[in-house]
Amino acid sequence: MIFVDIQKELEQFTLDVKLHIQENEFIVLSGTSGSGKTTLLRVLAGLEDTKGFIEVDGETWNSKTKKLPTQKRSIGFVTQDYALFENMSVERNLLFAQNDKNLAKELLELTELTSLKHLFPSQLSGGQKQRVALCRALMKKPKVLLLDEPLSALDAKIRLKLQEELLVLHKRFHLTTIMVTHDKNELEKVASRVVYIERGKVVSKKEQQEQRVLQFVKKQKNKLVFESQNEIFYFDLEKENILEQIVLYK
Amino acid sequence: MNLDFEPFLLSFELASVTTILLFFFALPLAWYLSQTTSKFKPFLETITALPIVLPPSVLGFYLLWALSDTPFIFNFESLVIASCFYSLPFMVQPLQSGFASLNKNMIEASYIVGKSSLQTLFFVALPNIKPALLNAIVITFAHTVGEFGVVLMVGGSIPGETKVASVAIYEFVENLEYDNAHIYSMVMLLLSFSVLFSVYYFNHKQKSLK
């Protein structure tokens, strides 16, 4: 059980998030870019300071008087750029995290990386790097797995395969996973719950759409807006084409 | 012509000792400077860079003043101390910019898997800045071999103890022994060229490999 109640001043707004997350949930964080999703992950990892309270399985990670260092938090973190240790082979990347050869072997087999274990990160494709980063994040058997748009840089086919792998690993290692994504299909496929964040606050799906409409209208002055049953279309009058179509919450 | 190559040996001995000492001192300093967001950072960076702009005689004078009541004056040890101050920026700055150029997420990834700052420095950061590391070591070594002003002020010119190659050349010229000055200068010129050339050549190769 994770309990988060944090407030952090950012440049344009305050990140103010209250969240209860049950064990083994697969949470997907959705929101426009710059809404504070990545910062929330970094705060959970202890990579950024914050006010407020974070508790994981009864252990206080952040409070008024205490900040548990990143090294002592039971987390795995996969960033968008994978951040592999460039000077180490695939296998060493895993063993550096935790010197557990059996687990490394199992993870490499699960993700079909065994034949690549002696290669270095610079010799891998994007999808392969992503899998190595995922395996490395799991070596310490973390309670919480944080994923910051881990699949965004990959093409659709590999993304589908990795989404399935993610779900397998999520179940196999009894993880509580929090993933940031922009991909609408990804939300539905992997999430057990979607949390919408706009300008630093948790909002409902409807509120998020309203925010998006508002932001879009602000940017697109003098454009025609056409609303039908549950969709909004934006037309560029000069070019006579649809600029954006937003499907409203039913 | 009876040429004594002891000053060269002394220069290289001084440069080797200085480079080794400075490496261990500058490494944590460069690492700290690259990672910290402390308000004292500009101050520390200024102190570190001072020997680049200060006249060697200023640094030499202060060292002479500071060391005058200690056993470390007009001997080899005093040269080592002076060289460590004089060459400090040449070790710190390449290392610091090497560390600063590393992917921040990679460094954080090491913290996330539970490694301390020191473990991260030795197992992740240092192995990933090899060209900068080579640069720092070679330039520090070459720069120490080329010292003159500071060395003369805190060491004088005691044969076999503090009379390094650059000081020997100065003395040859003073005594109008131009032939010897030519030979010594040519040796220094060739050595310096080869050292620098090997660094730039290595860096060029590394870049073209990428």
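List of remarks:
- Within the stretch A:109-147, the set of residues being exposed (fewer than 15 other Cβ atoms within 10 Å of the Cβ) and under 19 Å from A:D81 (Cα atoms) comprises A:S122, A:Q123, A:S125, A:G126.
- Listed conditions (1) under 13 Å from A:I178 (Cα atoms); (2) crowded, with 21+ Cβ neighbours inside 10 Å are all met by A:N24, apart from (2).
- Restricting the stretch A:8-47 to residues that are of a type in the set (A, V, I, L, M) and within 14 Å of another protein chain (Cβ to nearest Cβ) leaves a set whose member that is nearest to the chain's Cα centre (by Cα) is A:L41.
- Residue count for the stretch B:99-115, restricted to those that are more than 7 Å from every other protein chain (Cβ to nearest Cβ) and surrounded by fewer than 18 Cβ atoms within 10 Å (Cβ to Cβ): 4
- Among the residues listed as A:A156, A:A191, the single one being surrounded by fewer than 17 Cβ atoms within 10 Å (Cβ to Cβ) and modelled with pLDDT under 90: A:A156
- Options A:A156, A:A97, A:A104; residue that is closer than 16 Å to A:T79 by Cα and of a type outside the set (D, E, K, R): A:A97
- Evaluation of B:L191 against (1) more than 22 Å from the chain's Cα centre (by Cα); (2) assigned to a helix (DSSP H, G or I); (3) not basic (K, R) (one fails), failing number: (1)
- The stretch A:73-84, subset outside any loop (DSSP other than H, G, I, E, B) and within 19 Å of B:L102 (Cβ to Cβ), residue nearest to the other protein chains (Cβ to nearest Cβ): A:F77
- Residue pairs meeting the criteria (Cβ under 6 Å; at least 6 apart or on separate chains; first part of a loop (DSSP other than H, G, I, E, B), in the stretch A:115-132; second β-branched (V, I, T)): A:K117/A:V90; A:L119/A:V90
- Matching entry among A:T65, A:T60, A:T70 (being within 9 Å of chain B (Cβ to nearest Cβ), of a type in the set (S, T, Y) and within 29 Å of A:V4 (Cβ to Cβ)): A:T70
- Residues of the stretch A:18-58 that are in contact with a helix residue (DSSP H, G or I) (Cβ under 7 Å, 6 or more places away or on another chain) and farther than 23 Å from A:V213 by Cβ: A:F26, A:A45, A:G46, A:L47, A:E48, A:T50, A:I54.
- Residue in the stretch A:85-114 that is nearest to the other protein chains (Cβ to nearest Cβ), counting only those that are assigned to a helix (DSSP H, G or I) and of a type in the set (D, E): A:E91
- Test: residue in the stretch B:142-163 that is at negative phi, among the polar types (S, T, N, Q), away from chain A (no Cβ under 14 Å) and without any contact (Cβ under 8 Å) to a residue 40 or more places away in the chain: yes
- Test for B:P56: is it more than 14 Å from every other protein chain (Cβ to nearest Cβ), under 16 Å from the mean Cα position of the chain (by Cα) and at pLDDT 95 or above: no
- Any hit, the stretch B:116-123, residues being facing chain A (nearest Cβ under 9 Å) and within 30 Å of B:L10 (Cα to Cα): no
- Residue in the stretch A:59-71 that is under 18 Å from the mean Cα position of the chain (by Cα), of a type in the set (D, E) and assigned by TED's automatic domain parsing to the domain that holds A:F120 present: no
The values are calculated or read from the model by the stated rules, or taken from the named source; none is laboratory data. Owing to the predicted nature of the structure, the values given are computational and were not obtained by experimental measurement. A quick note on method: Cβ atoms are made from the backbone with ideal geometry, for glycine too, and the neighbour counts reach across all protein chains shown.
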